[in-house]
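A.B. asks: I'd like to ask you about the structure that follows.
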Ligand code: GAP
């Protein structure tokens with residue numbers, strides 16, 4: 001399959017099956033914004049839940065916060081974002097369109113009209129707005145460009161309320177906003193995005209050990225969400241290319257259909273942020289080691305994972321086309337753990353009340369294993385299977401007359417169909433429950 005065609009197909013499936021819609025679509029959309037639909041929400045929640053489980057809840061040294069998006073603008077002055085969170089911008093002298101200079105093949109020629117591009121200037125990517133009724137600069141606030149800012153603002157609150165021992169970390173999932181000059185590639189480069197971030201605070205001497213620990217966990221997470229190992233690559237970011245706060249960064253890159261691009265980042269932020277906020281606020285952010293009585297500013301390791309880029313990587317690696325029963329079909333080979341729907345239950349015929357009643361009973365039984373058990377009695381069985389294939393449902397269960405005892409040997413057994421192979425087997429209801437439990441555990 002041609003790579004551009006794959007992207008087109010993924011975007012089309014995402015819309016057709018309720019994963020991702022263009023933002024404010026009936027008004028022509030808004031560049032860099034997308035909305036998650038019914039299936040997208042479930043997929044996103046499953047990914048986020050798994051991240052919370054692996055990065056926060058399964059550990060004794062991790063805590064959560066949910067910080068406000070709007071913060072005192074001094075946060076972003078101290079963090080260096082007001083001065084330095086910018087991309088190089090050029091404008092065409094003829095058509096007046098604006099471009100990111102570092103993404104152009106020829107930085108002098110307009111890619112739209114071949115006009116001459118003007119000189120480059122730095123464009124700050126933070127969205128600026130006003131808090132309250134005044135609209136002057138004294139009321140200016142920014143939409144946070146990274147969720148990390150809200151974590152740094154709560155470092156002291158967590159220390160004072162929970163009294164954690166170093167090393168410990170704070171995890172948060174939330175929205176971040178970047179006024180990207182050129183949003184592109186579906187949900188890859190957005191102006192409104194979600195991030196799953198950890199700031200892990202360590203004594204300075206422990207940064208390398210912690211860096212390696214989070215690096216391994218990021219690979220484990222990639223595997224857990226079903227990204228093929230061969231499609232995930234590490235890039236050691238060179239001295240001149242790292243963010244201003246980082247002394248070491250590894251970009252986790254993914255082979256998207258449009259090329260190998262950054263998926264996530266892992267950074268050693270040193271004591272840059274806490275020291276800058278201590279200086280900016282005048283409030284001590286030093287940590288007191290109760291045993292040694294030593295006071296110091298902790299250093300920080302930051303695994304930062306974009307939710308939207310993760311979802312796109314999942315859709316791209318799960319997208320499949322094959323031939324089944326003489327027909328071309330499309331399906332998503334999603335890991336059962338993150339699939340929006342775990343199984344679909346269906347009566348063979350919807351106008352046979354005894355079949356419908358039994359199928360409903362089976363569905364209720366399977367819902368004890370997981371709530372995301374769908375019901376579908378629309379159209380013929382083949383069509384029902386195709387719909388579920390396209391949203392990545394691992395199992396389809398059909399209740400027929402044999403389930404009711406027409407063939408006494410098969411009473412209380414059902415047909416279990418496997419998404420990837422299309423193969424079917426006859427199993428008891430409790431065996432089906434075990435299969436689902438096993439697949440999602
Ligand atoms: N707190 C560190 C930080 O924000 P970053 O490399 O700028 O670092 C972290 O962003 C992650 O956020 C990226 O690896 C990517 O997954 C995601 N991300 C960044 N900009 C994005 C955008 N415009 N659209 C979608 N995701 C983005």
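Each value in this text was obtained by applying a stated rule to the coordinates, not by laboratory testing. The structure displayed is predicted, hence computed values, not measured ones. Using ideal geometry, Cβ is built from the backbone for each residue, glycine included, and neighbour counts are taken over all protein chains shown.
A.B. asks: Where does helix 381-391 land angle-wise versus the long Cα axis of the chain, in degrees 0 to 90, nearest 10?
C.D. replies: Helix 381-391 sits roughly 10 degrees off the main axis of the chain.
A.B. asks: Any chance you could run the full-extension gain for residue 216 through residue 360? It's 0.36 nm times the residue separation minus the Cα-Cα distance, nm to one decimal.
C.D. replies: The residue 216-residue 360 span can extend by a further 47.5 nm.
A.B. asks: Here's another thing I want to ask about it. Where does helix 3-16 land angle-wise versus the long Cα axis of the chain, in degrees 0 to 90, nearest 10?
C.D. replies: 70
A.B. asks: Still on this structure, please answer the following. Counting residues in region 156-232 as N, plug N into 2.2 N^0.38 Å and put the Cα Rg over that result.
C.D. replies: 1.43
A.B. asks: Further question: Using R₀ = 51 Å, calculate the FRET efficiency as 1/(1 + (r/R₀)^6) where r is the Cβ-Cβ separation of residue 352 and residue 66; round to 0.05.
C.D. replies: After rounding to 0.05, the efficiency reads 0.55.
A.B. asks: Now for a separate question. Using the C-alpha atoms of region 341-440, what convex hull volume per residue, in cubic angstrom, is computed?
C.D. replies: Hull volume normalised by residue count: 85 Å³.
A.B. asks: Relative to the present Cα-Cα distance, how much length would full extension add between residue 35 and residue 401 at 0.36 nm per residue of separation?
C.D. replies: Separation in residues times 0.36 nm, less the Cα-Cα distance, equals 127.5 nm.
A.B. asks: Oh, and also: Over region 341-440, what relative contact order in percent results from Cα pairs under 8 Å that are six or more residues apart?
C.D. replies: 28
A.B. asks: When the helices in the chain are scored as -39500 (n - 2.57) per DSSP H run of 4 or longer and the sum is shared across all residues, what 222 nm value do you end up with, to the nearest 500 deg cm²/dmol?
C.D. replies: Result for the chain, helices only: -9500 deg cm²/dmol.
A.B. asks: Same structure again: Between region 321-358 and region 188-223, what is the C-alpha centre distance in whole Å?
C.D. replies: Measuring centre to centre over Cα atoms gives 37 Å.
A.B. asks: Return one number: the angle in degrees, 0 to 90 and rounded to the nearest 10, between the long axis of the Cα atoms of helix 207-224 and the longest principal axis of the Cα atoms of the chain.
C.D. replies: 30
A.B. asks: Now for a separate question. What number does the chain give for Rg over Rh if you use C-alpha atoms and the Kirkwood radius?
C.D. replies: The Rg/Rh ratio comes out at 1.04.
A.B. asks: Let me ask you something else. When only C-alpha pairs under 8 Å and at least 6 residues apart count, what is the relative contact order of the chain, in percent?
C.D. replies: Computed over the chain, the figure is 13 percent.
A.B. asks: Provide the gained length on full extension for the span residue 423 to residue 229, in nm with one decimal, where the gain is 0.36 nm per separating residue minus the Cα-Cα distance.
C.D. replies: 67.2 nm
A.B. asks: Please compute the contact order of region 1-147 in relative form: average sequence separation of alpha-carbon pairs under 8 Å and at least six residues apart, divided by the residue count, as a percent.
C.D. replies: Over region 1-147, the number comes to 16 percent.
A.B. asks: At 7 Å along the Cα-to-beta-carbon direction for both residue 121 and residue 281, put a label point, then send me their distance in nm to one decimal.
C.D. replies: 3.4
A.B. asks: May I pose another question? Quick one: which of 202-214, 44-56 comes out on top by average Cβ neighbours within 10 Å, and what's the full order, highest first?
C.D. replies: Highest-to-lowest ranking by the protection proxy: 44-56, 202-214.
A.B. asks: Roughly how many nanometres apart are two label points built 7 Å out from the Cα toward the Cβ at residue 45 and residue 162?
C.D. replies: The modelled label-to-label distance comes out at 2.4 nm.
A.B. asks: In nm, give the distance between the simple-model label positions of residue 323 and residue 241, each being 7 Å from the Cα along the Cα-to-Cβ direction.
C.D. replies: The two pseudo-label positions are separated by 4.3 nm.
A.B. asks: Turning to a different aspect of this structure: Arrange the peptides 12-23, 401-412 so that the one whose residues have, on average, the most other Cβ atoms within 10 Å appears first.
C.D. replies: Result, highest mean first: 12-23, 401-412.
A.B. asks: Can I ask one more? Taking the Cβ-Cβ separation of residue 5 and residue 57 as r and a Förster radius of 41 Å, what is the calculated FRET efficiency to the nearest 0.05?
C.D. replies: 0.55
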